[in-house]
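S.K.: This is the structure I have questions about; it appears just below.
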Amino acid sequence: MAILVDADGPILDRILDDTYDTWHDGLTRPAYRRFYAAQVGLPWGRAHLRRLTLIEGDELLASTKVYRLEAVLDDVPMKVAGLGAVFTSPSSRKRGAAKELIDQVLARAIADGADLALLFSEIGPDYYAKLGFVAIPTTDQQLRVTESTRYGAPMTMVRGGDDRDLAAIASMCFTRAEPFRFHLTRDRDLIHFAIARKRLLAGFGPLGAREVHFFIAEEGASAVAYVVISVHGNAWTIEEAGDRDPNGARLGAILQALIAREPAERRPSIRAWLPDGFLPPQVTIVGENVSAELMMIKPLSDRARAAAPLTQADVCYWHGDLF
Ligand SMILES: CC(C)(COP(=O)(O)OP(=O)(O)OC[C@H]1O[C@@H](n2cnc3c(N)ncnc32)[C@H](O)[C@@H]1OP(=O)(O)O)[C@@H](O)C(=O)NCCC(=O)NCCS
């Protein structure tokens with residue numbers, strides 16, 4: 001009989017060997033292991049991230065990361081089981097191992113009080129739809145930042161962000177997300193985890209291949225707007241952003257300041273999942289395409305099942321929280 005176990009030690013190493021080709025993100029194999037170990041070593045990761053494995057005797061059948069998250073759906077706090085990196089060993093495929101893994105993981109999540117399961121499918125909707133997940137299609141926006149006519153940084157006090165800004169950022173996130181039907185509850189530790197994970201990926205990767213920009217606009221001594229951007233070559237991904245002011249002008253000013261530092265002949269392509277209705281006046285959406293990561297949700301409790309289906313406009317979710 002196949003049983004579910006926590007992956008650590010030699011089992012974890014075998015999973016990392018198996019999944020490396022699919023999810024290495026440009027890291028070497030030793031760096032891929034260190035990257036995972038560092039994430040589970042972060043305060044939030046230690047308490048909320050596990051890797052569960054379905055084994056039968058000595059045979060390792062399938063594995064997944066499980067994130068224990070909190071969210072709000074229709075003003076009701078919900079416990080969420082986030083599934084990432086679902087993987088079946090090549091020799092065990094097409095024998096129902098991933099289905100058995102997900103069934104057992106969700107049964108355990110329900111026993112722990114979870115209301116919802118959430119995942120981001122890289123293989124389209126069909127496989128997970130058969131397991132009861134419903135897709136919420138999301139689009140990536142491509143952004144252009146209007147450059148200041150003075151071709152310099154605008155008059156905003158911009159500095160690098162750090163841990164002392166996390167409380168102000170959590171408060172901005174909460175205010176921005178509150179009107180949406182579905183959003184994660186992003187406390188200080190989760191925001192710290194999301195930013196640290198991107199920094200670790202950049203730090204463990206080849207020198208100069210990736211960078212993370214974390215900047216805030218300051219008024220008095222506190223952060224009033226911020227942005228976290230992953231830079232990979234000429235591509236910028238806005239992992240998360242916020243502005244205490246609903247119109248986002250100070251976020252726009254930070255982006256202008258960052259663009260002004262780039263060589264004039266090479267403007268980055270910028271993609272983001274901005275929450276519906278949040279567009280700084282200095283920013284234009286120049287393109288949209290269906291996201292590679294398809295958000296899918298499965299209600300697990302009666303109160304989650306009672307909610308009407310979600311659309312993209314109902315959801316506030318940041319790239320930096322993808323798993
Ligand atoms: C996707 C995956 C986890 C399925 O594992 P599995 O144990 O073979 O799954 P099951 O036996 O429960 O189901 C097999 C079904 O999955 C389908 N499937 C496998 N890969 C798929 C893909 N890339 N796209 C769509 N369906 C896929 C098979 O076609 C099969 O369908 P069928 O039942 O209609 O024949 C496995 O193929 C895998 O590890 N792939 C590489 C990693 C990956 O892409 N993971 C998903 C990340 S979102």
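Conditions (1) small (G, A, S); (2) touching a residue at least 40 places away in the same chain (Cβ under 8 Å), marked per residue:
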residue: D163; (1), (2): no, no
residue: A168; (1), (2): yes, yes
residue: L184; (1), (2): no, yes
residue: A202; (1), (2): yes, no
residue: R210; (1), (2): no, yes
residue: G220; (1), (2): yes, no
residue: H232; (1), (2): no, no
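S.K.: Would you point out the residue of region 59-103, among those that are touching a residue at least 40 places away in the same chain (Cβ under 8 Å) and of a type in the set (D, E), that is nearest to the ligand (Cβ to nearest atom)?
M.R.: E100
S.K.: May I ask you to list the residues in region 22-58 that are surrounded by fewer than 18 Cβ atoms within 10 Å (Cβ to Cβ) and within 15 Å of the ligand (Cβ to nearest atom)?
M.R.: Result: T22, W23, H24, D25, I55, E56.
S.K.: If L118 passes every condition in (1) in a helix (DSSP H, G or I); (2) within 16 Å of the ligand (Cβ to nearest atom); (3) not charged (D, E, K, R) but one, which one does it miss?
M.R.: Going through (1) in a helix (DSSP H, G or I); (2) within 16 Å of the ligand (Cβ to nearest atom); (3) not charged (D, E, K, R) one by one, L118 breaks only (1).
S.K.: Looking at region 111-129, I want the residues that are free of Cβ contacts under 8 Å to residues at least 24 places away in the same chain and of a type in the set (A, V, I, L, M) and have a partner that is assigned to a helix (DSSP H, G or I) and away from the ligand (no atom under 16 Å from the Cβ) with Cβ atoms under 7 Å, at least 6 apart or on another chain. Which pairs are those?
M.R.: none
S.K.: Does at least one position in region 158-173 carry a residue that is in contact with a Lys or Arg (Cβ under 8 Å, 6 or more places away or on another chain) and within 16 Å of the ligand (Cβ to nearest atom)?
M.R.: No, the conditions are met nowhere in region 158-173.
Conditions tested, residue by residue: (1) in a strand (DSSP E or B); (2) surrounded by fewer than 12 Cβ atoms within 10 Å (Cβ to Cβ).
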| position | (1), (2) |
| --- | --- |
| A217 | yes, no |
| V286 | yes, yes |
| R303 | no, no |
| P309 | no, yes |
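S.K.: Restricting to region 193-209, what's the tally of residues that are surrounded by 19 or more Cβ atoms within 10 Å (Cβ to Cβ) and over 17 Å from the mean Cα position of the chain (by Cα)?
M.R.: Residues of region 193-209 that are surrounded by 19 or more Cβ atoms within 10 Å (Cβ to Cβ), as a first pass: 193-198, 200-201, 204-205.
Cutting the leftovers down to over 17 Å from the mean Cα position of the chain (by Cα) gives us 204-205.
So the count comes out to 2.
S.K.: Which one is farthest from the chain's Cα centre (by Cα) among residues in region 1-28 that are closer than 16 Å to L200 by Cβ and not in a loop (DSSP other than H, G, I, E, B)? Let's see the steps before the verdict.
M.R.: Applying the first criterion (closer than 16 Å to L200 by Cβ) to region 1-28 yields 16, 23-28.
Filter once more, keeping what is not in a loop (DSSP other than H, G, I, E, B): 16, 23.
Details: L16: 20, W23: 15 Å.
Among those residues, the one meeting the criterion is L16.
S.K.: If I ask for residues that are part of a loop (DSSP other than H, G, I, E, B) and either surrounded by 15 or more Cβ atoms within 10 Å (Cβ to Cβ) or assigned by TED's automatic domain parsing to the domain that holds R305 (or both), which ones from region 158-191 would you list?
M.R.: Step one: filter region 158-191 for residues part of a loop (DSSP other than H, G, I, E, B), giving 161-162, 178-181, 185-187.
Matches in region 158-191: G161, F180, R181, T185, R186, D187.
S.K.: Test each condition in (1) within 16 Å of the ligand (Cβ to nearest atom); (2) in a helix (DSSP H, G or I); (3) within 30 Å of G248 (Cα to Cα); (4) not β-branched (V, I, T) for L106 and report the one that comes out false.
M.R.: Only one criterion is unmet by L106, namely (3).
S.K.: Another question, if that's okay. Are any of the residues in region 121-140 surrounded by fewer than 21 Cβ atoms within 10 Å (Cβ to Cβ) and more than 16 Å from the ligand (Cβ to nearest atom)?
M.R.: Within region 121-140, one or more residues are surrounded by fewer than 21 Cβ atoms within 10 Å (Cβ to Cβ) and more than 16 Å from the ligand (Cβ to nearest atom).
S.K.: Please determine whether any residue of region 40-57 is more than 28 Å from G132 (Cβ to Cβ), free of Cβ contacts under 8 Å to residues at least 12 places away in the same chain, touching a Phe, Trp or Tyr at 6+ places or on another chain (Cβ under 7 Å) and not assigned by TED's automatic domain parsing to the domain that holds L201.
M.R.: No, there is no match, as no residue in region 40-57 is more than 28 Å from G132 (Cβ to Cβ), free of Cβ contacts under 8 Å to residues at least 12 places away in the same chain, touching a Phe, Trp or Tyr at 6+ places or on another chain (Cβ under 7 Å) and not assigned by TED's automatic domain parsing to the domain that holds L201.
S.K.: I'm told E178 meets every condition in (1) more than 17 Å from the chain's Cα centre (by Cα); (2) over 18 Å from Y317 (Cβ atoms); (3) at pLDDT 95 or above except one. Can you identify the failing condition by its number?
M.R.: All conditions are met except number (2).
S.K.: Restricting the search to region 154-213, which residues are of a type in the set (G, A, S), in contact with a helix residue (DSSP H, G or I) (Cβ under 9 Å, 6 or more places away or on another chain) and closer than 21 Å to N234 by Cα? Break it down into steps so the answer makes sense when it comes.
M.R.: First, pick out the residues of region 154-213 that are of a type in the set (G, A, S): 160-161, 167-168, 170-171, 177, 194, 196, 202-203, 205, 208-209.
This time we only want the ones that are in contact with a helix residue (DSSP H, G or I) (Cβ under 9 Å, 6 or more places away or on another chain), so: 161, 167, 170, 194, 196, 203, 205, 209.
Matches in region 154-213: G203, G205, A209.
The values are calculated or read from the model by the stated rules, or taken from the named source; none is laboratory data. For clarity, every value in this text was computed on a predicted model and none was experimentally measured. Don't worry about glycine lacking a Cβ; one is built from the backbone with ideal geometry, like all the others, and counts go over all protein chains shown.
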